[in-house]
Structures are given as C-alpha cells and as structure tokens.
Amino acid sequence: MEQISNLYPLLSTPRKVVITMHQKPDGDAMGSTLGLYHFLIQFGHEAAVISPTNWASFLNWMPGVKNVLDYERQTEAANALIEKADWIFCLDFNTLSRTKNMEAALAAAPGQRILIDHHQQPQTEVFTYGASDVSKSSTAEMVFDFIAGSGHADLINKSIAECIYTGVMTDTGSFRFPSTSANVHKLVATLKEHGLAHSIVHENIYDNFSESRLRFIGNVLLNRMEIFYEYNTALIAIPAVDLVKYDIKTGDTEGLVNYPLSIEGIKLAAIVIDRGEERKCSFRSKGNFDVNTFARKYFNGGGHFNAAGGQSRETLENVVITFKKAMMENRDQLSTYKF
Ligand code: 5GP
Ligand code: MN
C-alpha cells in the first residue's frame, strides 16, 4: 500500500470513481464518503457513492445522500459502477469483509482500491494507496486531512463541511472521547469558516427520532440491562420481540450501548441485539480495557480500543452466557473487587 499523498498529483485528471463504506453505515461512514464525494466532483471526476446496505433514516438529510446507492437493492447498477471504476475509495473500514454482500465485487474489481480508515489491523495488501491511522478520531477527520494535504482546502464548501462535521461529531461522542485532538478542534474552526451551521447538524442527527424509539429506550434501561458491579460491567440484551413491539429501525439502537457507562464505576458496557439473522454485539469501555481484543477473541469482531463490535450465530441466551464467561475470564482487568 503506497501512501495516499502519492494520489495528490493525480487528482486533477478526471476518472471514474466509486466511494464506499462499511455495511450499516454510521455518521462517520456516511459523512466521510459524502464529504469526499463533494470534494472529488469539483475536479470533474465521475463519482458515485455506494453503501453495502441500507442506513439509518437520521442520515437522510445529508447533502448528496439521495444519490447514494444501496448495494442490496441496486446490485446491478452498483456492480456496473464498481467494474468500471478506476479508483475505489474504501472509507471507515479496512477489511473487505466489512462490506458484507459487496465483498466479492470489491475483491474482483479491476480498478485501484484506496483506503482511508482509522481502525486497527488493515488488510493492506488489497489497497494500492492508503491512509490508515488509529490515532485519528474519525475517518471524516482523515478526509479533511486528505483535502487539506492535497493543497485544496479552498474547495471546502458547506456540503463538505456538514458531512465532515457529522462524521467527526458522531465518532467522538460530540467531542468527548480522548481521540478529540487539537487537530479536531482546529478542523471544526476551519469548517465554521466555510459555512458550517453546527447546531443544525446536531439537531438533524440527534433530535430526529420517533416517540416509540424513546419509549423503547425506557423499556431497555428498565428491563433489559444487567449490572455486574463486581466486574464493573453492564450488559444489555435485547430480544427480537422488543424490536417488533417498538417498531425499531436501522439506526434506532445506535448509541444505546453508551448509556450504562454513565453509571459510576462501569468500565465495560456491552449490548447484544437479536437481529433475527444474527446477534449483533457492541462493546464500549473506559480507560485501559481493550474491547477490540475482546471483540476479536469472543465475538468474531473488532474495532477500536474503547469501541468495538462483533456478531454471533448463537441464540441470544447463548451469547449472554458467552459474554458472562468472557467477562469472568477478564476479571483481572475489569475488577477492582477481591474474589
Ligand atoms: P458499533 O458498536 O458502533 O457497531 O461499532 C463500533 C466499532 O467497532 C466501529 O468502529 C465498527 O467499525 C467496529 N465494528 C463493529 N462491528 C464489527 C464487526 O463485526 N467486525 C469488526 N471487525 N469491527 C466491527
Ligand atoms: Mn469511524
């Protein structure tokens, strides 16, 4: 994988470009891809953004989102774009398997794959160019760095500013997590100078949900959360019936895993959701508990040191049992309690 700065001199020659992201894209995946899209089209590149799956409706206000293809619903059109693309930008994921049903098409694509991502352990051999940096708050921050590094910061417009801000804001927990560096605050200042109305982005993302989603959260916190004080750990397990009862859609459960971390002393929070075809897990930690390793070891997943995810084909009950065993095995790192 060559460094991404080698692309800078090539930017001014129009090419066929595909920009893609991980399945079930979050604010950073959608924000970074659309931010890059609004940058590249200014050079005359023929660019298309493809998501491997559908996405949360709270992203539907984003500039350019109406033209994003959903690979599962527009497979033929997406495959045609992938086959013809000179460049395929892969943003906010670093192993092709994170694109689910799109993996085979991406792997077979004749064009050059380009990585921009901040997760651990990239599959570097499948990318021609790339930037991979786990110290970055978000892929959106890296897109900003790409734009500024190429010497074209003057091309940042309101659309780019809104997209990049969405990614940085959502991946830093609204500028709260330790990854929120001085660079992050400086880039926000630059985005403000280019027309960003940050409070509107915040409202669009966080204040756009249904009443039933809020009642669902009430039910989850009351009935589906277990606290293991001896292990400084909390687990939320959500059965499929809850998702039906409260009409829960893609994205409605995002951020729920963070709630137990507000309880004094909790170092590890986990959520398991029965999504029918699989049990989806998310893990968040505070301080020195490494959930990336934890997710890889027990739940076929990965992510970052303090935020990771995974999945399982076992029943919800069995995933809960596996989690409790894993928690006990890690008691030396989790517990301050004398057993
Ligand atoms: P979330 O819990 O919000 O789904 O994901 C947290 C972090 O872990 C994200 O950076 C995401 O990319 C990563 N992640 C989530 N699920 C998986 C998974 O199944 N496999 C891997 N490798 N990473 C995941
Ligand atoms: Mn991200």
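The values are calculated or read from the model by the stated rules, or taken from the named source; none is laboratory data. Everything numeric in this text was worked out from a predicted model, so none of it was measured. Reconstructed Cβ throughout: ideal geometry from the backbone, glycine too, with neighbour counts over all protein chains shown. What goes into the accessible areas is simple: the full protein's heavy atoms, side chains included, and nothing from ligands, DNA or RNA. Shrake-Rupley method; radii C 1.70, N 1.55, O 1.52, S 1.80 Å.
Take region 104-148 and flag every residue that is assigned to a loop (DSSP other than H, G, I, E, B), of a type in the set (S, T, N, Q) and more than 24 Å from Thr166 (Cα to Cα).
Gln121, Gln123, Thr128
Can Val65 be described as farther than 19 Å from Asn292 by Cβ and in contact with a strand residue (DSSP E or B) (Cβ under 7 Å, 6 or more places away or on another chain)?
So Val65 fails the test.
So Phe177 clears everything in (1) open to solvent by 70 Å² or more (accessible area, probe 1.4 Å); (2) in contact with a helix residue (DSSP H, G or I) (Cβ under 9 Å, 6 or more places away or on another chain); (3) assigned by TED's automatic domain parsing to the domain that holds Phe58; (4) over 25 Å from Ile263 (Cα atoms) except one condition, right? Which one?
Phe177 satisfies every listed condition except (4).
I'm told Lys84 meets every condition in (1) away from ligand 2 (no atom under 16 Å from the Cβ); (2) open to solvent by 60 Å² or more (accessible area, probe 1.4 Å); (3) over 14 Å from Val18 (Cα atoms); (4) not acidic (Asp, Glu) except one. Can you identify the failing condition by its number?
Lys84 satisfies all of (1) away from ligand 2 (no atom under 16 Å from the Cβ); (2) open to solvent by 60 Å² or more (accessible area, probe 1.4 Å); (3) over 14 Å from Val18 (Cα atoms); (4) not acidic (Asp, Glu) except (3).
Kindly provide the set of residues from region 261-296 that are in a helix (DSSP H, G or I) and either at pLDDT below 95 or within 16 Å of ligand 2 (Cβ to nearest atom) (or both), ordered by number.
Scanning region 261-296 gives Val291, Asn292, Ala295.
Might you let me know whether region 113-132 holds any residue that is at pLDDT 95 or above, within 18 Å of the chain's Cα centre (by Cα) and among the polar types (S, T, N, Q)?
yes
In region 272-286, is there at least one residue being closer than 26 Å to Phe58 by Cβ, without any contact (Cβ under 8 Å) to a residue 12 or more places away in the chain and more than 21 Å from the chain's Cα centre (by Cα)? I'd like the intermediate steps shown before the answer.
At the first step, the residues of region 272-286 found to be closer than 26 Å to Phe58 by Cβ are 272-286.
Next cut, without any contact (Cβ under 8 Å) to a residue 12 or more places away in the chain only: 277.
Still in the running and more than 21 Å from the chain's Cα centre (by Cα): none.
No: region 272-286 contains no residue that is closer than 26 Å to Phe58 by Cβ, without any contact (Cβ under 8 Å) to a residue 12 or more places away in the chain and more than 21 Å from the chain's Cα centre (by Cα).
Given the conditions (1) over 20 Å from the mean Cα position of the chain (by Cα); (2) assigned to a helix (DSSP H, G or I); (3) farther than 25 Å from Gly265 by Cα, report the number of the one that Asp247 does not fulfil.
The single condition Asp247 does not satisfy is (2).
Filter region 183-212 down to residues that are aliphatic (A, V, I, L, M) and within 27 Å of Asp133 (Cβ to Cβ) and give me whichever is nearest to the chain's Cα centre (by Cα).
Ranking the candidates gives Ile205 first.
If we keep just the residues of region 6-41 that are β-branched (Val, Ile, Thr) and surrounded by fewer than 21 Cβ atoms within 10 Å (Cβ to Cβ), which is nearest to Phe93 (Cα to Cα)? Give the derivation first.
Within region 6-41, the first condition is being β-branched (Val, Ile, Thr), and the residues that meet it are 13, 17-20, 33, 41.
Among the residues that remain, those that are also surrounded by fewer than 21 Cβ atoms within 10 Å (Cβ to Cβ) are: 13, 41.
Numbers: Thr13: 26, Ile41: 22 Å.
Ranking the qualifying residues of region 6-41, first place goes to Ile41.
So, of the residues in region 297-317 that are open to solvent by 60 Å² or more (accessible area, probe 1.4 Å) and not in a loop (DSSP other than H, G, I, E, B), which turns out to be nearest to ligand 1 (Cβ to nearest atom)? Give the derivation first.
Step one: filter region 297-317 for residues open to solvent by 60 Å² or more (accessible area, probe 1.4 Å), giving 297, 300, 305, 313-315, 317.
Restricting the remaining residues to those that are not in a loop (DSSP other than H, G, I, E, B) gives 297, 317.
Numbers: Lys297: 12, Glu317: 20 Å.
Top of the filtered list is Lys297.
Conditions: (1) closer than 21 Å to Ala307 by Cα; (2) in contact with a helix residue (DSSP H, G or I) (Cβ under 7 Å, 6 or more places away or on another chain); (3) assigned to a helix (DSSP H, G or I). Asp242 meets all but one. Number of the miss?
Going through (1) closer than 21 Å to Ala307 by Cα; (2) in contact with a helix residue (DSSP H, G or I) (Cβ under 7 Å, 6 or more places away or on another chain); (3) assigned to a helix (DSSP H, G or I) one by one, Asp242 breaks only (1).
Tell me which residues, restricted to region 87-114, are under 17 Å from Leu40 (Cβ atoms), open to solvent by less than 50 Å² (accessible area, probe 1.4 Å) and more than 14 Å from ligand 1 (Cβ to nearest atom).
Hits for region 87-114 are Trp87, Ile88, Phe89, Gly111, Arg113, Ile114.
Go over the candidates Thr170, Thr180 one by one and state the one that is within 30 Å of Gly35 (Cβ to Cβ), within 19 Å of the chain's Cα centre (by Cα), part of a loop (DSSP other than H, G, I, E, B) and within 16 Å of ligand 2 (Cβ to nearest atom).
Details: Thr170 fails: part of a loop (DSSP other than H, G, I, E, B).
Answer to the selection: Thr180.
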